[in-house]
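The values are calculated or read from the model by the stated rules, or taken from the named source; none is laboratory data. In this text, all values refer to a predicted model and were calculated from it rather than measured experimentally. Heads up, the Cβs are rebuilt from the backbone with ideal geometry, glycines too, and the neighbour counts pull from every protein chain shown. Side chains included, ligands, DNA and RNA excluded: accessible areas come from the protein's heavy atoms. Shrake-Rupley method; radii C 1.70, N 1.55, O 1.52, S 1.80 Å.
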Protein chains: 2
Amino acid sequence: MAKKNAFYAQSGGVTSVINATACGLIETARRYPDLINNVYAGHNGIIGALTEDLIDTSAEDSATIAALKHTPGGAFGSCRYKLKDLESNRAEYERLIEVFQAHDIGYFFYNGGGDSQDTAYKVSQISEKMGYPITCIGIPKTIDNDLPFTDACPGFGSVAKYVAISTKEAALDIQSMCKSSTKVFILEVMGRHAGWIAAAGGLAAEKAGDPPHLILFPETAFDETKFLAKVDEAVKQHGYCVIVASEGTSHADGSLISASTTVVDAFGHQQLGGIAPVLTKLIKDNLGYKYHYAVSDYLQRAARHISSKVDVDQAYAVGKAAVEFAVNGKNAVMPVIQRDSQAPYQWSIGEACLSQVANQEKMMPADFITEDGFGITQAARDYLEPLIQGEDYPPYKDGMPVYARLKMVPVAKKLNTDFKV
Amino acid sequence: MAKKNAFYAQSGGVTSVINATACGLIETARRYPDLINNVYAGHNGIIGALTEDLIDTSAEDSATIAALKHTPGGAFGSCRYKLKDLESNRAEYERLIEVFQAHDIGYFFYNGGGDSQDTAYKVSQISEKMGYPITCIGIPKTIDNDLPFTDACPGFGSVAKYVAISTKEAALDIQSMCKSSTKVFILEVMGRHAGWIAAAGGLAAEKAGDPPHLILFPETAFDETKFLAKVDEAVKQHGYCVIVASEGTSHADGSLISASTTVVDAFGHQQLGGIAPVLTKLIKDNLGYKYHYAVSDYLQRAARHISSKVDVDQAYAVGKAAVEFAVNGKNAVMPVIQRDSQAPYQWSIGEACLSQVANQEKMMPADFITEDGFGITQAARDYLEPLIQGEDYPPYKDGMPVYARLKMVPVAKKLNTDFKV
């Protein structure tokens, strides 16, 4: 096998541990100097490849690369940019191969969710047809936890931990205040189509009756009457009510509770947000209870200060495995997390074919939601609990976490052609 | 000095460290068994005293009391209930003395902000006039950091740390995404009249140009034109813009940016919230940038998982000092934090008279805000940095923090009279 450069890019919404994957990948690549020359990172995901905007990771010292393991966000820049079908925009794929050829890139590592795995798969197809063989490995990442074949998606466990802890802490706050002040608290969390993140809020409860008293899932059609009755019941029984609401919760006809559904991103997804104000207004108007709400938004997926150790370890492991797959001659595959044992929780790395992974969404099993539609079952708890185990605190200086600052040295361009994205 | 029981209550919005104060107070009281019999906690603040709803803290073992030090919220329940003036509702004060007399209470410890210190002061006055001498000690607590005479208010340092870290983490997220997606991020934080909390967001910046690019303070009149120009400049210069916005930010005429100003709490304060959606709409309509926003709400003041060690230590120390003041014959005073040295940061406990503390609000010094009104100065940084030092992580089990669960044993009632609050 000839020595080649590797391309690595981060795609889609970032997480608190995607840089741990970058760390695992770069550190492992450096252990194969006979096979892998430099790792070039795409600046802003695949856009970096299309525009020949590459970052030379070999310019970063090993301490900086190691610090990526505890740094949130996407260090090399990510993107919401979906490559079109081969048929409708073959030029994009040809451009990728052109850039890879110019920079002697023999390995293509693409770190993202479903859309990104689709891109990785397409690159593997075109390279074959164009006579420029390149090893394509997809690397899983998404807080949405909706990739198939993998037991969990790196990024999800840390959001789950953040949401569970935040729910528990805010619940203690409102419990203190409910006698003479706020009686209802809503935590709005991410989750377009699947309620994985909202479900994690359920881990805040240690025993029956503990908050959260209601969880709203995209999987369960919103029933206003049942919802208000349940809120009222919680306030009457406990003095207060804590709700974890998924941004994607919808009416029976499929329309979102949230009003702000007008912005559409490059993947064609609607930008959600704003279910909490709608619900609190409903509660105020019908039940008269004083309320507060929090919208955790980017905080939930950036909160590296409280990431799950299991999640960090798995994020690192898929980056490491991606390189090991590549140098062992595997192609068009994605490392996945396998749950080998439930108690004690044990996991290992497996693999899935990109052709099967692409564009599939794994929904939450129906038996994860309680019959009344407002809670999680023991099955859900059994699945979720291992994913939030352990704390992996970043180092601190002067009271603040110390996150990696990269030099971001660009790779000298070799092509004289511009490419418009 | 005859042996007496002590009354302790938590008042106003709770914090992630008010229970550390309770811990300091109860642990210290237990060291003076010759002077202090039991500590009775008011259930839901002063309401517990008025309704003879007392909790016997002697029923809690020492491990549970110790665990209060790392438990957010107000363990005994807090309240938003302001005692009226002596003249307009003397009956309330007489009722307090009646309950204290019935339970042989000789020490009154009241843990809260400005309104609560006013209550403590009034109780000290009436007790004198009614011939029922009771030692009254106020204990500072407020995330608003607006109590006079104390260098900082227990509760503030932890919110400051949470907001600074959250700003830094979310900024790394948006920086990753800005090339092809979100360009503006707003973090909405608490702060009715003073921008202390918003200012803490400025600690996220390590050097010039670092996010946050704008901070909106209640102290600075909102200028739409200047604001939009500054946002646009940040996006053009850095590719993205991070804003920390205080909920209390107002127009030049004093009206709030936030629209939701209709709810009024028992202290007569308007319930704020909702500045972020107003600002993002402004940005979207005028500059067209894609945005995200988070509303940290109760999460910021409940986030015990990332409390400042300095804040926890100071919260514990004021609880301890309150008891030591009382057993040493002091009355109608409040322990305060004194900054003895800036570098290295050193502090000690001092005292202030309740007569002077009551109903004063300490505003942020004008020289803490940069000339353009959108940032913090070195003076602000010098003041704030020591307050967020150190991490005081709670213990974890199965991935979740272990917070105290109290038995909450009620003290048997001795009065046959109901009191309506």
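Observations on the structure shown:
- Charging the Cβ of each Asp and Glu at -1 and of each Lys and Arg at +1, and nothing else, the dipole of the range B:156-304 about its Cα centre rounds to 380 debye.
- Charged neighbours of B:R90, selected by a Cβ distance under 13 Å, balance to -1 (K, R count +1; D, E count -1).
- Pair-distance profile P(r), taking every C-alpha pair of the range B:329-421, with 5 angstrom steps and integer %: 2, 8, 9, 10, 11, 14, 16, 11, 8, 6, 3, 1, 0
- Across identical copies of the chain, B:H251 has label-point separations of 3.3 nm, listed in ascending order, with the point defined 7 angstrom from Cα along Cα→Cβ.
- Sequence-separation-based contact order of chain A, relative, with Cα cut under 8 Å and 6+ spacing, percent: 23
- The angle between the Cα long axis of helix B:309-327 and the longest principal axis of the Cα atoms of chain B comes to about 20 degrees, rounded to the nearest 10.
- Hypothetical label at B:K281: residues of the range B:206-250 whose amide nitrogen lies under 14 Å (7 Å Cα-Cβ projection): none
- Rounded to 5, percent antiparallel among DSSP beta bridges of the protein assembly as shown: 35
- Estimated dipole of chain A in Debye, rounded to 20 [Cβ of Lys and Arg +1, of Asp and Glu -1, Cα centre]: 760
- Value of [θ]222 nm, deg cm²/dmol, for the protein assembly as shown, DSSP H segments ≥ 4, -39500 (n - 2.57) each, nearest 500: -10500 deg cm²/dmol
- As a length-normalised measure over Cα pairs under 8 Å and 6 or more apart, the relative contact order of the range B:156-304 settles at 30 percent.
- Semi-axes of the equivalent ellipsoid of the range B:318-357 are 22, 12, 6 Å, computed as sqrt(5λ) over the eigenvalues of the C-alpha gyration tensor in descending order.
- DSSP beta bridges confined to chain B are antiparallel in about 35 percent of cases.
- In this structure, the amide hydrogen of B:N37, modeled 1.01 Å from its nitrogen in the peptide plane, lies closer than 5 angstrom to those of B:K4, B:N5, B:A6, counting only residues at least 5 positions away or on a different chain.
- Solvent-accessible surface (1.4 Å probe) assigned to A:Y396 amounts to roughly 50 Å².
- Rotationally averaged projected area of chain B (alpha carbon convex hull; nm²): 21.3
- Inter-chain Cβ neighbour average for residues A:180-187, partner chain, 10 Å: 5
- Shape of the range A:4-72, Cα gyration tensor, a/c cut at 1.5: oblate
- Mean Cα-pair separation over length for the range B:293-352, i.e. relative contact order, pairs under 8 Å, 6 or more apart, %: 24
- Greater than 24 Å apart at Cα, pairs in B:K179/B:K281; A:K290/B:K362; A:K84/B:K281; A:K4/A:K129; A:K141/B:K236; B:K141/B:K230: A:K290/B:K362; A:K84/B:K281; A:K141/B:K236; B:K141/B:K230
- Protein-only accessible surface order, largest first, of B:V327, B:V278 at 1.4 Å: B:V278, B:V327
- Chain B's nearest residue to the axis relating it to A, judged by Cβ and reported with the distance in whole Å, is B:V295, 2.
- Comment: the Cα-to-Cβ extended label point of B:Y132, at 7 Å, lies 8.8 nm from its counterparts in the other copies, nearest first.
- Stretchable slack from A:D223 to A:R31, in nm (0.36 nm times residue separation minus alpha-carbon distance): 63.5 nm
- Computed from Cα atoms, the angle from the helix A:275-287 axis to the main principal axis of chain A rounds to 0 degrees.
- Among A:H213, A:H292, A:H70: highest mean-square fluctuation, GNM of chain A, C-alpha pairs under 10 Å: A:H292
- Comment: the Cα-to-Cβ extended label point of B:T417, at 7 Å, lies 9.3 nm from its counterparts in the other copies, nearest first.
- Shape call, the protein assembly as shown: gyration tensor on alpha carbons, a/c limit 1.5: prolate
- Computed 3J(HN,Hα) for the range B:113-122, one whole-Hz value per residue from the Karplus formula 6.51 cos²θ - 1.76 cosθ + 1.60 where θ = phi - 60°, is x, x, 4, 6, 5, 4, 4, 4, 5, 5, glycine and proline marked x.
- Among A:N328, A:N111, A:N145, the largest mean-square fluctuation in a Gaussian network model of chain A, built with springs joining Cα atoms closer than 10 Å, belongs to A:N328.
- Angle in degrees between helix A:156-177 and the longest Cα principal axis of chain A, rounded to the nearest 10: 20
- Whole-angstrom gap from the range A:22-53 to the range A:111-175, using each part's C-alpha centre: 18
- Legend: residue pairs A:K161/A:K330; A:K397/B:K183; A:K3/A:K82; B:K161/B:K407; A:K161/A:K207, Cα-Cα distance threshold 26 Å; pairs beyond threshold, A:K161/A:K330; A:K397/B:K183; A:K3/A:K82; B:K161/B:K407.
- Formal net charge of residues neighbouring A:Y32 (Cβ-Cβ distance under 15 Å; K, R +1; D, E -1): +3
- Counted charge near A:D61, where neighbours are those whose Cβ lies closer than 14 Å (Asp, Glu -1; Lys, Arg +1): 0
- Reach of B:K168 by Cα under 12 Å, taken over aspartates and glutamates that are not fewer than 8 positions away in the same chain: B:E206, B:D210
- Gyration tensor (alpha-carbon) shape descriptor, the range A:168-262, a/c threshold 1.5: prolate
- Sparsely packed loop sites in the range A:174-251 (the trypsin sites (Lys or Arg not before Pro) outside DSSP H, G, I, E and B with at most 11 other Cβ atoms within 10 Å) comprise A:K207.
- Cβ-placed point charges (K, R +1; D, E -1), dipole of the protein assembly as shown about Cα centre in debye, nearest 20: 460
- Distance from the range B:362-421 to the range B:281-341 (C-alpha centre basis), Å: 3
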